[in-house]
Amino acid sequence: DPFWSQDGSRIYFHSLAEESDSLWSVPPTGGTPVLLIKNASRAALSPDGQTLVFSRLSDGWPVTRSLWVAAASGGDAHRFSRGPFADAVINGSWFRFSPDGSKLLAWTYLTPEAGASRSRFWIVPWPDGEPYEVLQSLGGRGLAGVAFDWMPDNQRIVIAVADEHSTSTSTHLWIADVLNDRLEPLTTTLGMEN
């Protein structure tokens, strides 16, 4: 899941550093990759190019994963501990900032302290808001490894979702309105889009 720096001078990517998934960057013309953050996966960069969010594995047992924030240089990494992210364990995740940088959309498979895991979408008003759940209609679909990206309007996303009326595991692209919890099909082929 590589992505560009906002000024186009770096490409960020994930690869192993020792034994953990980590975040690296390299100039687009090639060269020696730079290790930015050890133990970082599913990273996303804010539109202003200043902030990275990522998922990090714990050091202890049982192994858990949590949401972290760092400067774009990789420095000042700290755990994000607002709302459900304070106590819950992240079993899966995908993060994307809205194009205007006013919010972070987080798809997570969270396990609360006393409860079962469930696929959820969270809006985190950026940089200082309290997270709240959105797209609750998608929460019950058993989504795993959800990939999505924002539309330019800062309100809708394109997402791959399994067809709930099909007995197969086919997925199609949908447009989801995160503010109104509405879904519209974008592809309706006999194949599978993701």
Which numbered condition R120 fails, given (1) modelled with pLDDT under 95; (2) assigned to a strand (DSSP E or B); (3) over 27 Å from A160 (Cα atoms): (3)
Under 8 Å between Cβ atoms, which residue pairs at least 6 apart in sequence (or on different chains) link something in region 1-24 that is in a loop (DSSP other than H, G, I, E, B) with a partner that is of a type in the set (S, T, N, Q)? S5/S25; R10/S25
From the residues in region 15-24 that are modelled with pLDDT of 95 or more and either within 16 Å of the chain's Cα centre (by Cα) or farther than 27 Å from Y109 by Cβ (or both), which one is surrounded by the most Cβ atoms within 10 Å (Cβ to Cβ)? L23
Of all residues being surrounded by fewer than 19 Cβ atoms within 10 Å (Cβ to Cβ) and of a type in the set (G, A, S) in region 45-65, which is farthest from T108 (Cα to Cα)? Just the residue, please. G49
Residue that is surrounded by the fewest Cβ atoms within 10 Å (Cβ to Cβ) [pool: residues in region 25-40 that are free of Cβ contacts under 8 Å to residues at least 40 places away in the same chain, part of a strand (DSSP E or B) and within 20 Å of the chain's Cα centre (by Cα)]: S25
Restricting the search to region 164-194, which residues are open to solvent by less than 50 Å² (accessible area, probe 1.4 Å), among the charged types (D, E, K, R) and modelled with pLDDT under 90? E193
Please determine, by comparing only the residues of region 75-101 that are closer than 22 Å to P2 by Cα and among the small types (G, A, S), which one is modelled with the lowest pLDDT. G92
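Among D21, D59, which is touching a strand residue (DSSP E or B) at 6+ places or on another chain (Cβ under 6 Å) and of a type in the set (D, E)?
On the way: D59 fails: touching a strand residue (DSSP E or B) at 6+ places or on another chain (Cβ under 6 Å).
Exactly one of D21, D59 is touching a strand residue (DSSP E or B) at 6+ places or on another chain (Cβ under 6 Å) and of a type in the set (D, E), namely D21.
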Can you give me the number of residues within region 59-104 that are of a type outside the set (K, R), out of contact with any helix residue (DSSP H, G or I) (no Cβ under 9 Å at 6 or more places or on another chain), within 24 Å of I11 (Cα to Cα) and in a strand (DSSP E or B)? 11
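The values are calculated or read from the model by the stated rules, or taken from the named source; none is laboratory data. Since the structure is predicted, the reported quantities are computational estimates derived from the model, not experimental observations. As a convention, Cβ positions derive from the backbone with ideal geometry for all residues, glycine included, and neighbour counts pool all protein chains shown. Protein only, heavy atoms only, side chains kept; ligands, DNA and RNA dropped before computing areas. Shrake-Rupley method; radii C 1.70, N 1.55, O 1.52, S 1.80 Å.
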